[in-house]
1. Would it be correct to say that residue B:69 is more than 7 Å from chain A (Cβ to nearest Cβ) and either surrounded by fewer than 20 Cβ atoms within 10 Å (Cβ to Cβ) or not in a helix (DSSP H, G or I) (or both)?
2. Restricting to the range A:144-177, and then to whatever is facing chain B (nearest Cβ under 8 Å) and more than 17 Å from residue B:74 (Cα to Cα), can you tell me which residue is surrounded by the most Cβ atoms within 10 Å (Cβ to Cβ)?
3. Just to be sure, is residue B:54 more than 7 Å from chain A (Cβ to nearest Cβ), out of contact with any helix residue (DSSP H, G or I) (no Cβ under 6 Å at 6 or more places or on another chain) and within 17 Å of residue A:66 (Cα to Cα)?
4. Looking for something surrounded by 14 or more Cβ atoms within 10 Å (Cβ to Cβ), at the interface with another protein chain (Cβ under 7 Å from one of its Cβ atoms), in contact with a Lys or Arg (Cβ under 8 Å, 6 or more places away or on another chain) and not small (Gly, Ala, Ser) - is there at least one such residue anywhere in the range A:178-190?
5. Would you pick out the residues in the range A:49-66 that are of a type in the set (A, V, I, L, M, F, W, C), closer than 17 Å to residue B:34 by Cα and without any contact (Cβ under 8 Å) to a residue 24 or more places away in the chain?
6. Condition (residue is in a loop (DSSP other than H, G, I, E, B) and out of contact with any Pro (no Cβ under 6 Å at 6 or more places or on another chain)) applied to the range B:77-95: is it met by at least one residue?
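None of the figures in this text is laboratory data; all of them are computed from the coordinates on show. Everything numeric in this text was worked out from a predicted model, so none of it was measured. Here the Cβ is made from the backbone with ideal geometry for all residues, glycine too, and neighbour counts use every protein chain on show.
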Amino acid sequence: MDALLGQVHALVAWAFSLANDYDVPSLIEAGVFFLFAGLALLFACGVIFFRNVVHSALSLTATFICVACLYLSIGADFMGAVQILVYGGAVAVLIVMAIMLTRRDNMAHSNPSRGLFRHAAAAVLTGLFLSGMAAVAILSPFKSAPQSLGDAAPGLADLMLSHYVLPFEVAAVLLLIAMIGAIVLAKGAEER
Amino acid sequence: MMSFMELFQLATHVGLHHFLLFSAILFAVGLFGLLTKKGLIPLLMCVELMLNAVNINLVAFNHYMPVYDYSGQLMAIFSVAVAASEIAVGVALAFRIYRDHGTVNVDDLDEMKG
């Protein structure tokens with residue numbers, strides 16, 4: 001019994017020494033980041049490689065929710081809520097509705113891709129683009145200094161109704177125009 | 001040459017670079033899909049992925065750079081509004097094309113080809 005207790009003590013001491021060596025909060029942060037970033041990328045690949053377009057839509061929604069979790073992990077709580085409401089809710093429903101409106105007989109192969117040559121060309125182009133972007137992202141001398149600016153929602157509201165009031169109104173008009181345009185397009189205008 | 005320990009330290013201190021890399025990869029996945037898909041609705045989905053990657057950049061910059069207000073997040077919210085209107089019009093267009101042509105395969109929509 002004493003030997004077992006000694007083992008447990010040694011284990012606890014080892015865990016504490018590990019916790020002293022490593023910065024545990026930042027390790028947890030890294031774990032959360034890598035978990036949700038990896039899941040988001042996995043689901044994003046699912047959007048492309050699923051054969052059934054309904055599965056692709058589900059995968060897209062999962063990507064949106066993983067990105068919302070990433071927003072929450074860096075303290076952008078309002079942005080995470082907007083992401084879940086607008087992307088995970090409205091956009092997902094719209095896309096599923098579009099799939100159902102343009103339904104074909106065989107849903108199993110409803111997400112066709114182009115041929116092998118086109119895939120290779122796209123892979124080369126995307127690889128070039130990605131390596132350029134990654135080089136810029138890694139080599140840029142940004143110093144990460146996490147900010148604490150207080151609550152997001154009041155700060156955003158202050159900005160939105162003072163300095164950015166014109167873009168705010170323009171966005172409102174844009175949404176109205178998009179709504180009318182979508183209705184006219186889908187219903188069909190009266191032609192004389 | 002960096003030792004493994006240093007590399008581990010660098011990788012586990014999540015900063016701006018992690019988010020920039022992540023959003024670059026997400027954007028590249030969307031771009032790849034945009035170049036290889038045939039259906040109209042999968043193309044719309046890939047555009048949404050790319051827009052999302054841009055929003056991640058805006059929010060990450062606002063969190064990690066020395067700024068004094070939430071302008072970055074506000075830009076992301078405007079971008080979300082634009083993306084939402086884009087998807088509404090895009091879905092309406094896809095529906096219209098399907099009703100007029102009976103297909104949403106972009107390869108079959110070539111009647112304006114000379």
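1. Here the answer is no, as residue B:69 does not meet what is asked.
2. Ranking the qualifying residues of the range A:144-177, first place goes to A:144.
3. It is true that residue B:54 is more than 7 Å from chain A (Cβ to nearest Cβ), out of contact with any helix residue (DSSP H, G or I) (no Cβ under 6 Å at 6 or more places or on another chain) and within 17 Å of residue A:66 (Cα to Cα).
4. Checked the range A:178-190: at least one residue is surrounded by 14 or more Cβ atoms within 10 Å (Cβ to Cβ), at the interface with another protein chain (Cβ under 7 Å from one of its Cβ atoms), in contact with a Lys or Arg (Cβ under 8 Å, 6 or more places away or on another chain) and not small (Gly, Ala, Ser).
5. Hit for the range A:49-66 is A:49, nothing else.
6. To start, the set of residues in the range B:77-95 that are in a loop (DSSP other than H, G, I, E, B) comprises none.
Within the range B:77-95, none of the residues are in a loop (DSSP other than H, G, I, E, B) and out of contact with any Pro (no Cβ under 6 Å at 6 or more places or on another chain).
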